[in-house]
Structure formats: structure tokens, C-alpha cells
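In what follows, a single structure is set out as C-alpha cells and then discussed.
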Amino acid sequence: MAEEKYKIVVFGAFGAGKSTLVQALDPQAKHIEAECAGGTTTIAFDYGRVQIGEKRVYLYGTPGQERFEFAREIIGKGMDGAILLVDVTCPVDEFVEHLSTSIIAARIPYVVLLNKCDAVGAQPDAAKAHFAGAETKIVSAKDRREARDALEEFIGTLRPHTGNKTN
Ligand SMILES: Nc1nc2c(ncn2[C@@H]2O[C@H](COP(=O)(O)OP(=O)(O)OP(=O)(O)O)[C@@H](O)[C@H]2O)c(=O)[nH]1
Ligand SMILES: [Mg+2]
């Protein structure tokens, strides 16, 4: 049986935890980052691979800064599914709305992962209500088990891709 391949792209605002999620799912993950106030930020993309049984998942994390829209468009090409990662320690803003609208417009299967639920001030219920029309799951991207469970659950809802996806 041919190995099933999935390209999954993680979207989310600046600092939502996309790199943390990809790293939790694949400790060998690579990413290109730059120094910024208070830490680092992704300036190109995160890349990781995860094996779930017969399923090979290629994970791409996007840069969260608004000015990297072009990079998000390139990285998103040919994706089989999208993860919208939302930081529940701050209110959902216009940019997160824009990401959500873009994913829906592209008719890509997606899940909203409500992140940083372990943090002080987390308001997962408010975020869950905001995305009431979508599949949502409460996680902490820092928790490898939770991250893995969320990915497995999402991949289980997708149709297999057996084309010529590389990497
Ligand atoms: N408490 C807590 N902190 C988290 C969690 N996930 C990420 N963080 C922290 O949030 C900060 C930003 O995480 P990143 O993974 O760099 O966020 P990002 O979405 O990749 O950021 P950009 O690439 O700049 O868009 C880091 O300090 C992480 O340690 C989480 O589940 N819980
Ligand atoms: Mg990042």
C-alpha cells in the first residue's frame, strides 16, 4: 500500500506558538528565525515531519507577522489541511480573523487549536465560542502529548493524498 502523504500548514498570529507546536511534534524540526523584542520570530517557515502509522505528515509553520503574507501564500500552496493556532491569552483580533477567513475561502479542511491553555489568563472558552462554527481543540503546544493527539485527531479526518508530494 502506498504511503499516505499529507501537507499540513500551521497558521496563527505573531507569537501564537506555531514554532513551538511544530517543534513539539518533531523535535528535529528546522526553522529560520530572527531576534525580535522579547525573543525570536519566524521569518521564513518551520518544517517538520511526523509519522502516524502509515501516514507521513509534512508540517509547515508560517511566519506570524502580517508583512509576511506573501510567504504564507507560498507555503500554503497544495496543502491538504490547515491548523489555525490561536493564543487564548489574548483576544481574537482582526489579523486572526483574516487568517480564518482566508482558510475558509480556500476550502481547505482545518482545525482551530486553542493554544496556551496552560498559561495564566488563558480564556479558552471565549475563544471556543468565537470559533463556534469550526472544529476546535484546547491544547498547550508545549505539551508534546497534547500536540500529537490533536494532530492525530485532525489527520484522521482528512482524505489521504497519494500524489507526488516531495520532501
Ligand atoms: N505558556 C505557554 N507558552 C507557549 C505555548 N506555546 C508557545 N508558547 C510561548 O509563546 C512564545 C511564542 O512562541 P513561538 O512558538 O515562537 O510562536 P510563533 O507563533 O512561532 O511566533 P512567530 O514565528 O513570531 O509568529 C514563546 O515564548 C513560547 O514559549 C503554550 O502552549 N503555553
Ligand atoms: Mg514561529
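Rolling a 1.4 Å probe over the protein heavy atoms gives the chain an accessible area of 53 Å² per residue. In this structure, the amide hydrogen of E33, modeled 1.01 Å from its nitrogen in the peptide plane, lies closer than 5 angstrom to those of I43, counting only residues at least 5 positions away or on a different chain. A compact globular protein would have a Cα radius of gyration near 2.2 N^0.38 Å; the ratio found for the chain is 0.96.
Dipole magnitude for region 38-149: computed about the Cα centre from +1 point charges on Lys and Arg Cβ and -1 point charges on Asp and Glu Cβ, it is near 460 debye. For region 88-145, trypsin sites (Lys or Arg not before Pro) are listed when DSSP marks them as loop and at most 10 other Cβ atoms sit within 10 Å of their Cβ; the list is R107. In a fully extended conformation the segment linking R49 and L158 would gain 37.5 nm over its present Cα-Cα distance, using 0.36 nm per residue. When each of the peptides 3-9, 153-159 is scored by how many other beta carbons lie within 10 Å of its residues on average, the order from highest to lowest is 3-9, 153-159.
Amide H contacts under 5 Å for E4: R56, restricted to partners 5 or more places along the chain or on a different chain, H placed in the peptide plane at 1.01 Å from N. The portion of the accessible surface of the chain made up by carbon and sulfur, rounded to a whole percent, is 52 (1.4 Å probe; DNA, RNA and ligands excluded).
Between P91, G78, T41, the Cα set farthest toward the positive side of the dipole of region 4-155 (charges on each charged residue's Cβ, about the Cα centre) is that of G78. A straight line joining the Cα centroids of region 121-143 and region 7-49 runs 19 Å.
The values are calculated or read from the model by the stated rules, or taken from the named source; none is laboratory data. This one's a predicted model, so the numbers in the text were calculated from it and none came from an experiment. All Cβ positions, even for glycine, are placed from backbone atoms using ideal geometry, and neighbour counts span all protein chains on display. Each accessible area value is taken on the protein alone, full model and side chains, heavy atoms only, with ligands, DNA and RNA left out. Shrake-Rupley method; radii C 1.70, N 1.55, O 1.52, S 1.80 Å.
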